[in-house]
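Worksheet: one structure, shown below.
Coordinate-derived values only; no laboratory data. All figures in this text were calculated on a predicted structure; none of them were measured in a lab. Methodologically, a virtual Cβ is constructed for each residue, glycine included, from the backbone with ideal geometry; neighbour enumeration extends over all protein chains shown.
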Amino acid sequence: MSTQQCFSCGAADGMVHFEGRGETVSVKGMERRIDNLSGWECQKCGEVELDEMCGQRYSDACDELVIASRKMVGNEMRRIRRKLHLTQKETVQLLSGGGHNAFSRYERGEILPPKALILLMRLLDRYPYLLTDAKTLGEGADLRGFEHIVHKEHESLSVS
C-alpha cells in the first residue's frame, strides 16, 4: 500500500492512494456523477487530494453544474418577469435597483441574481397580486399611511 505524509494534518503515512472511486457533486439540486477518480486520502483527517487529471475532470464537472444552475435560475427569472408583464428595465427599477443591464445578465445566466431578488421574484410568481403593493411601495409612498390591501387569492394581474 502506497502512503505519504498528509499535507493538511501532517500525519506521517496518513495519505493512502486510491483508484476507481466515484463521487457525486450537486449544485442547487442538480447532480453530476464523476467516476474513475484516483488520488490520495488521509486516514486521520479525511483530506482528499485528487490526481491531476481527475482533479481537472472534477473541477470541470463542478463548473458545468454552476453554469447550468445560473441558466436555470435565469430562465426562471425570465418566466416570472414575463408572467408579471414587466420589461427588464421595469423589473430592475422596481425590484433590484441594479444597473440597466443587470437583469439581462441574470436572465442569460452570466451571473447569479442576489438571493433576495430570487426570493422576491418567486414570491411574486406565487402571489402576483402583490405586484400592485410593490409598485406602490416602490414609488416612495409614505409608509405611515400604507395599509396592506387584502387581495383576492386569484385576482387577475392588471398592467398599469
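Cβ separations smaller than 7 Å between residues 6+ apart or across chains give the following pairs from segment 3-16 residues that are in contact (Cβ under 8 Å) with a residue 24 or more places away in the chain to residues that are outside any loop (DSSP other than H, G, I, E, B) and aliphatic (A, V, I, L, M): Gln4/Met15; Cys6/Met15. Scanning segment 94-108 for residues that are touching a residue at least 24 places away in the same chain (Cβ under 8 Å) and assigned to a helix (DSSP H, G or I), we see that the one that is surrounded by the fewest Cβ atoms within 10 Å (Cβ to Cβ) is Leu94. Pairs linking a residue in segment 72-92 that is in contact (Cβ under 8 Å) with a residue 24 or more places away in the chain to a residue that is loosely packed, with under 14 Cβ neighbours inside 10 Å and not in a helix (DSSP H, G or I), with Cβ atoms under 6 Å and 6 or more positions apart or on different chains, are His85/Val159.
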